[in-house]
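Peer 1: Have a look at this one before I ask anything.
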Amino acid sequence: MSLLTDLVNLNLSDCTDKIIAEYIWIGGSGMDLRSKARTLSGPVSDPSKLPKWNYDGSSTGQAPGEDSEVILYPQAIFKDPFRRGNNILVMCDAYTPAGEPIPTNKRCNAAKIFSHPGVAAEEPWYGIEQEYTLLQKDVKWPIGWPLGGYPGPQGPYYCGVGVDKAYGRDIVDSHYKACLYAGINISGINGEVMPGQWEFQVGPAVGISAGDELWVARYILERITETAGVVLSFDPKPIQGDWNGAGAHTNYSTKSMRSDGGYEVIKKAIEKLGLRHKEHIAAYGEGNERRLTGRHETADINTFLWGVANRGASIRVGRDTEKAGKGYFEDRRPASNMDPYVVTSMIAETTILWKP
């Protein structure tokens, strides 16, 4: 194994200018991440300088077998924490050979919304709290839980410390450092209310970069859990019963909200979100009805409610924002398996562009 480890950790810059670029894209389910690697002649820092590539869309549920070629457009570059050196991770989106975005390409429409002059002028900031659950590989049961049984009730696990409270910290810390190395603006991690469940936060990120960074952070976590022999779940309610679900709370502000008088802008934005509650819920992740029950720090899926410091609301405004009269708010409705391109752009479209 030592020889294998030595080869995996070879520093290519000692012997060649060539680099490895790992192209990443979203598969046919809208949640499955795919990737493959290619050799480039030298370091690249601008995605527009990277070559387009293709893949077999019939093997990812994104194209028919008789016309299976899907084209990858490089969109964002990150340092590769696995290969290191000058090697890179490349977040891509997918198009037909004619240049049309394929149906599962949600980035293209999001980029159009974020490039709209009205949205760009508001400089939308996002901070996304990505919750996830670590499962034992063969039984798909949370790590640290007794096989076929349950741990003690919720209470000691949130931000808990100790072998009987925190399960999987080595994976979590590895992911934290790998994201920082990659250039992702990961802002923190914590253990969650249900044992075996954790959270990382990405942001503040501006516009389309929030989606790019969250998807690559998910990819890095998938790769780390792959190595650790643990299954990564973004299911919004992985365990039925008296256990917290998993969400992707999305914190949001615009330039107007961050400026003096911003609290009034925030209240008007929340009012608009309430008017489009059903449309947002429909786009906020599969299986969210199992999570948004009105229990376990959620509002009922059919009810729109906002409040200051209320974790049982659809939208939470922080005490600091209320006191300062400006700041941000938190949309607590998105599920852990939401598409950040869809959620971030939809929030911007509703609060900035949409006229009720």
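Peer 1: Within segment 217-228, is there a residue that is over 19 Å from the mean Cα position of the chain (by Cα) and at negative phi?
Peer 2: Let us first name the residues in segment 217-228 that are over 19 Å from the mean Cα position of the chain (by Cα), namely 227-228.
Subsequent filtering for residues that are at negative phi retains 227-228.
The answer is yes, given that some residue of segment 217-228 is over 19 Å from the mean Cα position of the chain (by Cα) and at negative phi.
Peer 1: Continuing with this model, one more query. Any residue at all in segment 191-205 that is part of a helix (DSSP H, G or I) and farther than 20 Å from Cys92 by Cβ?
Peer 2: No, every residue in segment 191-205 fails to be part of a helix (DSSP H, G or I) and farther than 20 Å from Cys92 by Cβ.
Peer 1: With a cut-off of at least 1 residues that are surrounded by 15 or more Cβ atoms within 10 Å (Cβ to Cβ) and within 17 Å of the chain's Cα centre (by Cα), name the strands (runs of 3 or more DSSP E) lying wholly within segment 259-345.
Peer 2: Answer list for segment 259-345: 329-331.
Peer 1: Does Val206 satisfy the criteria of being in the same structural domain as Asn288 (by the TED database) and either closer than 21 Å to Ser115 by Cα or out of contact with any helix residue (DSSP H, G or I) (no Cβ under 9 Å at 6 or more places or on another chain) (or both)? Break it down into steps so the answer makes sense when it comes.
Peer 2: Details: in the same structural domain as Asn288 (by the TED database): yes; either closer than 21 Å to Ser115 by Cα or out of contact with any helix residue (DSSP H, G or I) (no Cβ under 9 Å at 6 or more places or on another chain) (or both): yes.
For Val206, the condition - in the same structural domain as Asn288 (by the TED database) and either closer than 21 Å to Ser115 by Cα or out of contact with any helix residue (DSSP H, G or I) (no Cβ under 9 Å at 6 or more places or on another chain) (or both) - is met.
Peer 1: Return yes or no: is Gln130 outside any helix (DSSP H, G or I) and either free of Cβ contacts under 8 Å to residues at least 12 places away in the same chain or surrounded by 20 or more Cβ atoms within 10 Å (Cβ to Cβ) (or both)? First the steps, then the outcome.
Peer 2: On the way: outside any helix (DSSP H, G or I): yes; either free of Cβ contacts under 8 Å to residues at least 12 places away in the same chain or surrounded by 20 or more Cβ atoms within 10 Å (Cβ to Cβ) (or both): yes.
Against the criterion (outside any helix (DSSP H, G or I) and either free of Cβ contacts under 8 Å to residues at least 12 places away in the same chain or surrounded by 20 or more Cβ atoms within 10 Å (Cβ to Cβ) (or both)), Gln130 qualifies.
Peer 1: Taking interchain pairs and intrachain pairs at least six residues apart, which have beta carbon atoms under 8 angstrom, with the first residue in segment 90-112 and over 10 Å from Tyr73 (Cβ atoms) and touching a residue at least 24 places away in the same chain (Cβ under 8 Å) and the second among the charged types (D, E, K, R) and in a loop (DSSP other than H, G, I, E, B)?
Peer 2: Lys106/Asp339
Peer 1: Right, another one. Any chance you could count how many residues in segment 58-86 are surrounded by 18 or more Cβ atoms within 10 Å (Cβ to Cβ), without any contact (Cβ under 8 Å) to a residue 40 or more places away in the chain and either touching a Phe, Trp or Tyr at 6+ places or on another chain (Cβ under 8 Å) or more than 27 Å from His175 (Cβ to Cβ) (or both)?
Peer 2: So the count comes out to 4.
Peer 1: Taking Glu129, is it in the same structural domain as Asp170 (by the TED database), of a type outside the set (A, V, I, L, M) and in contact with an Asp or Glu (Cβ under 6 Å, 6 or more places away or on another chain)? Quick ask: steps written out before the conclusion?
Peer 2: On the way: in the same structural domain as Asp170 (by the TED database): yes; of a type outside the set (A, V, I, L, M): yes; in contact with an Asp or Glu (Cβ under 6 Å, 6 or more places away or on another chain): yes.
Spelling it out, Glu129 is indeed in the same structural domain as Asp170 (by the TED database), of a type outside the set (A, V, I, L, M) and in contact with an Asp or Glu (Cβ under 6 Å, 6 or more places away or on another chain).
Peer 1: Hey, can you tell me all the residues within segment 200-215 that are open to solvent by 10 Å² or more (accessible area, probe 1.4 Å) and touching an Asp or Glu at 6+ places or on another chain (Cβ under 8 Å)?
Peer 2: If the condition is that a residue be open to solvent by 10 Å² or more (accessible area, probe 1.4 Å) and touching an Asp or Glu at 6+ places or on another chain (Cβ under 8 Å), then Gln201, Val206 are the ones that fit.
The values are calculated or read from the model by the stated rules, or taken from the named source; none is laboratory data. All values reported here derive from a predicted model rather than from experimental measurement. Note: ideal-geometry Cβ built from the backbone for every residue, glycine included; neighbour counts use all protein chains shown. Side chains included, ligands, DNA and RNA excluded: accessible areas come from the protein's heavy atoms. Shrake-Rupley method; radii C 1.70, N 1.55, O 1.52, S 1.80 Å.
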